[in-house]
Amino acid sequence: MNLLQSFNRRTSIKTKGVIYVVSLILVIFLTVSALVMSAVKKNLVEQLDQFHTSIAKKLAQTASDVLLSRDYGFLMEQISQLKSTGEVSRVKIIDKRHVIVASDRLSEIGAQDAALTKFLTSRAANAPAQAKIGADIFMPIEIGRDSLGALRVGFNWEAEGRRIDRELGQTIRQILYLALVIFVLGISGAFIISRALTRSIIELSRKIEKFDAEIYPQEVRTEFSTCKDEAQQVRDAFTRMMANLRKYLEQKKKNSKEQQRLTCMATVGQMSAQIAHETRNSLYAIRGAISGLEKADSLAERRDYVEVIKDEVQEMTRMSDDFLQFARTPEPEIVPCYIDDVVQRIVDLLEPDLEDANITVRKLGRGIPPIMADPVLLKRAFMNLFLNAIQAMEKGGTITVEYLLAGKYVKTRIQDDGPGIPEEVNVNVFQPFFSTKINGTGLGLSTVYKLVMAQHGEVELEDSESGACFMIQLPIAKDAGEVKDA
């Protein structure tokens, strides 16, 4: 088994294909050759038997006339001619007295032949018309139904064997020529087909190796120097790639956890710095207002300083609420709900602000099925988007809300008529503390992102010719059941 496995690894598919075809052709060639040679030899022997029988019949016909005319000299002359050709080795002819009247040997004339006598006697008992005993043919000499005698003709089977061997040799040469052509065509075809089949396998193996080297360049690869089988190369390369991919993913997971920890620490640091910065500005304003309050002489002036202190405290409270909402996102309660109910609830709550800013809300798309979401968190997310749109549209305009079906999801587009978001900062809009506003905390859109992602949805900023366009995608409820209100 080890030897077979070693051969399999050290031999390419092209080589194994050629070996297989050669072996198959060899087996077929030997089988067909054996069958053909057997059939040819059988046909040659049958043809010789027929030829020998025809010679015996012609000689019997000549002997019948001679036995009637008793011209034995003519018969001896015919026997001499047959023997001179080398086709006949011996001839004996007896008459109905069982006496040899003609033979290739003069010493036998007048004697008797036991085998011929027995044949002639059995012929009288309705025996077969002719018989073959060993290499000799026995045949009766008759005219009509009258028996005149019998003849015995022997043939030179050594000469006949040489003739058969010559015929067989010629047949073997023809088979070898045909086998040579088949071998050449078979080997060429096997090589071409194997090469065509292995080309894609080799290319796949190279791509796997390239990908493996990209994801895990530390691995040392030496197995291709010993393995020649293309399929085994792909199998080995894929096995190595899977092992290295697992190592890579484990390392990536470990690095991701470390990166998350560092990101969290960086976010906390950034948040702390932002809080400190905003708090310090407000404290500077409060300190200045207190200083002015101490020096103020009139009641009206003191009231102005108190209003400044109230405004700064309110600003600090709002900022603290924003940070707390971003830092403490509650666990969502996913239930079936209608997204239009959530949007309509926000429109009702913001109606005074919309009227003051001269903004109208237009909704497109009807018959939208319920979605799986947390109505409370979803309302907070939409509230942030609507407030951003109101702040962006200083001269009024329209907020367009469009509902779309996308397979197993409902997409909600919210577009305003404001100045939009510059293209160079598109990738940063969902990052915490990133803001294009002078007094913004940079937590609005990052809060929207956290709230939507917590509900197994997606949110992204889409390209728009005018204003800002946000798309929120949430899954459709499989079983609406009892739909919860916003």
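The values are calculated or read from the model by the stated rules, or taken from the named source; none is laboratory data. Here the structure is a predicted model, which means the values were calculated and not measured. Quick reminder, even Gly has a Cβ in these numbers, built from the backbone with ideal geometry, and neighbours come from all protein chains shown.
No other residue among ILE94, ILE79 is assigned by TED's automatic domain parsing to the domain that holds GLU142, in a helix (DSSP H, G or I) and surrounded by 12 or more Cβ atoms within 10 Å (Cβ to Cβ) apart from ILE79. Figure legend. Inter-residue proximity from region 68-88: first residues under 16 Å from TRP157 (Cβ atoms), second residues of a type in the set (Phe, Trp, Tyr), beta-carbon distance below 8 Å, spacing 6+ or different chains. Indicated pairs: GLU87/PHE155; VAL88/PHE155. Within region 182-209, residues that are within 16 Å of THR239 (Cα to Cα) have Cβ atoms under 8 Å from residues that are acidic (Asp, Glu) in these pairs: ILE201/GLU230; ILE202/GLU230; SER205/GLU230, counting only partners at least 6 apart in sequence or on another chain.
Listed by first and then second residue, the pairs with beta-carbon distance under 9 Å, at least 6 apart or on different chains, first residue in region 147-175 and over 12 Å from LEU44 (Cβ atoms), second among the polar types (S, T, N, Q) and part of a helix (DSSP H, G or I), are LEU148/SER64; GLY149/SER64; ALA150/THR117; ILE172/SER33; ILE175/SER33.
How about region 131-160: which of its residues are outside any strand (DSSP E or B) and in contact with a helix residue (DSSP H, G or I) (Cβ under 6 Å, 6 or more places away or on another chain)? Don't jump to the end; show me each part of the working.
Step one: of region 131-160, the residues outside any strand (DSSP E or B) are 134-135, 144-145, 156-160.
Across region 131-160, the qualifying residues are ALA135, GLU160.
Checked against the criterion of being at pLDDT 70 or above, over 24 Å from THR317 (Cα atoms), basic (Lys, Arg) and in a helix (DSSP H, G or I), region 221-241 has at least one qualifying residue. Scanning region 396-417 for residues that are surrounded by fewer than 20 Cβ atoms within 10 Å (Cβ to Cβ), touching a residue at least 12 places away in the same chain (Cβ under 8 Å) and not in a strand (DSSP E or B) yields a count of 3. Look at LYS96 and say whether it is in contact with an Asp or Glu (Cβ under 6 Å, 6 or more places away or on another chain) and at pLDDT below 85. Considered against the rule, which asks whether it is in contact with an Asp or Glu (Cβ under 6 Å, 6 or more places away or on another chain) and at pLDDT below 85, LYS96 comes out as no. So, in region 408-467, of the ones that are closer than 18 Å to PHE382 by Cβ and of a type in the set (Lys, Arg), which residue ends up modelled with the lowest pLDDT? Result: LYS450.
So if I check each of GLY134, GLY144, GLY149, which one is within 30 Å of ASP95 (Cβ to Cβ) and either modelled with pLDDT of 85 or more or not assigned by TED's automatic domain parsing to the domain that holds VAL32 (or both)?
Working: GLY134 fails: either modelled with pLDDT of 85 or more or not assigned by TED's automatic domain parsing to the domain that holds VAL32 (or both); GLY144 fails: either modelled with pLDDT of 85 or more or not assigned by TED's automatic domain parsing to the domain that holds VAL32 (or both).
Result of the check over GLY134, GLY144, GLY149: GLY149.
Each residue in region 111-130 was checked for being modelled with pLDDT of 85 or more and surrounded by fewer than 11 Cβ atoms within 10 Å (Cβ to Cβ), and 1 of them qualify.
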